[in-house]
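The values are calculated or read from the model by the stated rules, or taken from the named source; none is laboratory data. Because the structure is a prediction, the values reported are computed rather than measured. Here the Cβ is made from the backbone with ideal geometry for all residues, glycine too, and neighbour counts use every protein chain on show. Accessible surface areas use protein heavy atoms only, side chains included; no ligands, DNA or RNA. Shrake-Rupley method; radii C 1.70, N 1.55, O 1.52, S 1.80 Å.
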Number of protein chains: 2
Amino acid sequence: MRKPIIGFIGLGIMGKPMASNLLKSGYSLIIFDIDPLRLKELFDKGAAQADCPREIAEKSQVVITMLPDSPEVENVWGGERGLIEGINPDQILIDMSTISPSVTQNLSKSMKKKGVHCLDAPVSGGEIGAINATLSIMVGGETEIFEKARPIFECLGKTITYCGPSGSGQIVKACNQVQVAFNLMGMAESFILGAKAGVDPAIIFQVLSGGYAQTRVMDVRGPKVLVGDYQPGFKSRFHLKDLNIILRTAQELECPLPVTGLIHELFTAMVVQGRGELDHSGIISVIEDLAQIKVRSNAK
Amino acid sequence: MRKPIIGFIGLGIMGKPMASNLLKSGYSLIIFDIDPLRLKELFDKGAAQADCPREIAEKSQVVITMLPDSPEVENVWGGERGLIEGINPDQILIDMSTISPSVTQNLSKSMKKKGVHCLDAPVSGGEIGAINATLSIMVGGETEIFEKARPIFECLGKTITYCGPSGSGQIVKACNQVQVAFNLMGMAESFILGAKAGVDPAIIFQVLSGGYAQTRVMDVRGPKVLVGDYQPGFKSRFHLKDLNIILRTAQELECPLPVTGLIHELFTAMVVQGRGELDHSGIISVIEDLAQIKVRSNAK
């Protein structure tokens with residue numbers, strides 16, 4: 001199809017650079033955010049303004065939402081002057097937020113009745129991935145709709161994977177966040193054990209990252225953790241939000257995840273302790289407190 | 001120094017190919033194993049026979065032990081006709097088994113009084129690493145002794161890392177096994193969550209291994225797990241043994257490792273369930289039972 005007019009809702013840390021990349025690729029954009037201050041930069045680049053989600057729906061062929069969590073998505077869709085009030089048949093709604101797979105599925109089902117097509121398309125790769133258009137995008141929904149939307153995804157990310165029917169993108173994102181949490185937690189406990197025994201954690205980093213224990217998490221974050229640098233990156237309170245979604249989903253699916261459950265409790269502790277703004281690799285600080293030791297490299 | 005005569009005790013799955021590589025590199029070897037059937041192949045390649053560890057100590061300048069666990073090492077060193085009865089000052093004893101760091105330290109201390117130098121040098125890389133001389137070797141002990149022994153290590157492995165004083169090699173190996181256990185367990189719970197939600201685990205593998213969630217464990221073992229292939233590799237009962245060592249060490253160090261503790265319990269279950277001979281990636285089978293599902297890819 002010709003380049004559709006895209007409505008974009010949610011211009012935060014992720015949404016703003018993504019919208020910017022769509023403008024760069026020649027799409028016409030109409031944008032909305034509850035915080036109007038976030039919009040100015042994009043107006044300067046040519047985006048048009050909408051006063052509410054309804055207006056976004058009325059004036060675009062494709063709507064992208066990039067919001068913090070399920071309640072915000074539900075509110076934008078179904079709240080006062082919400083998307084639903086303005087949608088037209090054959091419109092495509094792409095939710096790129098990381099939210100509950102079952103919320104996604106329910107929204108998609110109710111939209112289908114109105115002839116509107118939904119895709120769930122959560123991303124990984126963080127702010128840098130959003131800026132550089134190198135996000136990994138995990139898409140759930142009907143294959144034909146996915147193929148229609150593919151040119152849009154290709155302006156936003158490098159790896160675009162069709163995962164299955166509605167909700168599958170959210171499920172794969174959830175699996176991704178499970179594995180990343182394990183990798184972070186494993187780095188934390190292995191560094192702590194070594195440090196407690198008096199071994200320089202820089203040596204542990206060197207050996208583990210060079211062998212079967214290697215993880216991309218340690219490759220990227222290990223050197224920072226060794227000097228106590230937890231600048232995000234990906235804030236721990238967002239990983240806790242993802243773990244909350246994961247465990248609620250596991251409950252719905254009757255799926256016991258014993259270790260994920262414990263890791264969730266430790267991320268809860270981290271946020272309760274006021275460390276929610278730190279990078280999620282800062283989970284090591286929770287174990288440092290438990291073990292009464294700081295992991296720091298002696299290497300210069 | 002000139003190529004020393006090496007005594008080698010423990011010619012099992014790991015020890016035999018390692019001894020073979022030393023013979024290939026031109027070292028004279030005298031060998032001992034409680035199971036004489038393991039020795040024949042090495043005699044054919046030129047190794048000499050000893051009747052007991054004592055004789056090994058009497059007839060060599062460097063002794064290498066490659067044994068299952070701490071009790072076997074203690075027995076070979078201090079048992080009847082043990083190494084201690086035959087040692088000479090300035091001899092070097094290299095224990096390449098994966099054992100308790102504190103047992104290593106105690107043995108090393110008691111040997112030092114007799115003028116004998118000890119190195120702990122556990123390895124990772126498995127049977128294939130032993131055969132191809134690509135092991136990762138983590139060495140603890142005095143640096144001068146490490147430098148003397150380096151040419152020997154270079155015949156056995158690719159990455160040789162000096163980790164610190166006696167016991168440090170075992171500590172780094174312990175940290176390695178912690179991280180690997182997390183990576184395996186993360187693969188298990190993320191695949192299970194996805195499968196339970198009806199997503200093809202091959203897609204989960206593809207997305208996770210291509211992004212921030214990537215681990216070498218998943219790169220190597222993911223494709224096998226997707227078809228239910230748990231041929232070892234590294235047997236789960238050995239990983240349980242390592243986790244036993246890790247938790248005892250953590251106790252000695254007063255080091256809480258909450259998630260490692262839980263993963264240890266799940267590996268205990270795996271072995272109790274009669275799955276000790278499976279590859280450690282088979283830990284997913286424990287969660288499969290809990291969740292009443294089999295993780296299998298639909299992809300051809």
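State, to one decimal in nm, how far the label point of B:V220 lies from the label point of B:K114, with both points 7 Å from Cα in the Cβ direction.
Result: 3.6 nm between the two label points.
Give the accessible area for B:T268 in Å² (nearest 10); use a 1.4 Å probe, count only protein heavy atoms, and leave out ligands, DNA and RNA.
Result for B:T268: roughly 40 Å² accessible.
Of B:D35, A:D200, which has the most accessible area with a 1.4 Å probe, and how do the rest follow in descending order? Let's see the in-between values first.
Working: B:D35 50, A:D200 25 Å².
Of B:D35, A:D200, the descending order of accessible area is B:D35, A:D200.
Please compute, over every Cα-Cα pair in chain B, the percentage with a separation greater than 35 angstrom.
Tail of the P(r) past 35 Å holds 25 percent of the pairs.
What do you get for the angle between helix A:216-225 and the principal long axis of chain A? Use alpha-carbon atoms, 0 to 90 degrees, nearest ten.
Here the helix axis deviates by roughly 60 degrees.
Using 0.36 nm per residue of separation minus the Cα-Cα distance, give me the extension gain between A:I293 and A:Q231 in nm, one decimal.
20.3 nm
Accessible area of chain B with a 1.4 Å probe: how many percent of it is carbon plus sulfur?
After summing per-atom areas, the C and S share lands at 52 percent.
Along the Cα-to-Cβ line of B:E144, 7 Å from the Cα, sits a label point; which residues in the range B:93-133 have backbone N less than 16 Å from it?
B:93, B:112-119
Which parts of the range A:183-224 would a label at B:I128 reach, counting a residue when its backbone N lies under 16 Å from a point 7 Å out along Cα-to-Cβ?
Within reach of a label on B:I128: A:211-214.
Which lysines have a Cα less than 22 Å from the Cα of B:K24, not counting those fewer than 8 places away in the same chain?
Partners within reach: B:K3, B:K16, B:K40, B:K45, B:K59, B:K148, B:K158.
By how many degrees, between 0 and 90 and to the nearest 10, does the Cα long axis of helix B:143-156 differ from the longest principal axis of chain B?
The angle comes out at about 60 degrees.
As a test question: what accessible area, to the nearest 10 Å², does A:S110 have when a 1.4 Å probe is rolled over all protein chains in place?
50
At 7 angstrom along the Cα-to-beta-carbon line, where would the label on B:L290 sit relative to the other copies? Give the distances in nm, shortest first.
1.6
Name the trypsin sites (Lys or Arg not before Pro) in the range B:40-73 that are in a loop by DSSP and that have at most 10 other C-beta atoms within 10 Å, would you?
Working: sites: B:K40, B:K45, B:R54, B:K59; in loops: B:K45.
Nothing satisfies the criteria.
Of A:Y27, A:M66, A:A149, whose Cα points farthest to the positive end of the dipole of the protein assembly as shown (charges on the beta-carbon: +1 Lys, Arg; -1 Asp, Glu; origin at the Cα centre)?
Comparing the listed Cα positions along the dipole, A:Y27 ranks first.
Please give the per residue accessible area of the protein assembly as shown, computed with a probe of 1.4 Å over protein heavy atoms only, in Å².
Normalised by residue count, the accessible surface of the protein assembly as shown is 39 Å².
Suppose we keep just the DSSP beta bridges with both residues in the range A:1-152; what percent of those would be antiparallel, to 5? Don't skip to the answer; put the middle values down first.
Values: 3 of 21 bridges.
If we restrict to bridges inside the range A:1-152, about 15 percent are antiparallel.
Total Å² of accessible surface buried at the B-A contact, 1.4 Å probe, nearest 100?
What B and A bury together is about 5100 Å².
Set Lys and Arg Cβ to +1 and Asp and Glu Cβ to -1, take the dipole of chain B about its Cα centre, and tell me which of B:G12, B:Q206, B:V139 lies farthest positive.
Checked the options; the winner is B:Q206.
Can you tell me the relative contact order of chain A? Whole percent, Cα pairs under 8 Å, sequence separation 6 or more. Walk me through the intermediate numbers first.
Numbers: 550 pairs, mean separation 41.1, N = 300.
Computed over chain A, the figure is 14 percent.
So which aspartates and glutamates pass the test for B:K114, namely a Cα distance under 20 Å, with those fewer than 8 places away in the same chain ruled out?
Output for B:K114: B:E55, B:E58, B:E74, B:E80, B:E85, B:D90, B:D95, B:E142, B:E144.
Rounded, prolate or oblate: which fits the protein assembly as shown when a ≥ b ≥ c are the square roots of the eigenvalues of the alpha-carbon gyration tensor, with rounded for a/c under 1.5 and prolate only if a/b beats b/c?
prolate
Separation of the range B:97-169 and the range A:27-66 by C-alpha centroid, Å?
So the two Cα centres are separated by 63 Å.
Within a 10 angstrom radius of each residue's Cβ in A:102-115, how many Cβ atoms of other chains show up on average? Whole number is fine.
Partner-chain Cβ atoms within 10 Å, mean over residues of A:102-115: 0.
For A:F205, what accessible area in Å² do you get when you roll a 1.4 Å probe over the heavy atoms of the protein chains, rounding to the nearest 10?
Here the accessible area works out near 40 Å².
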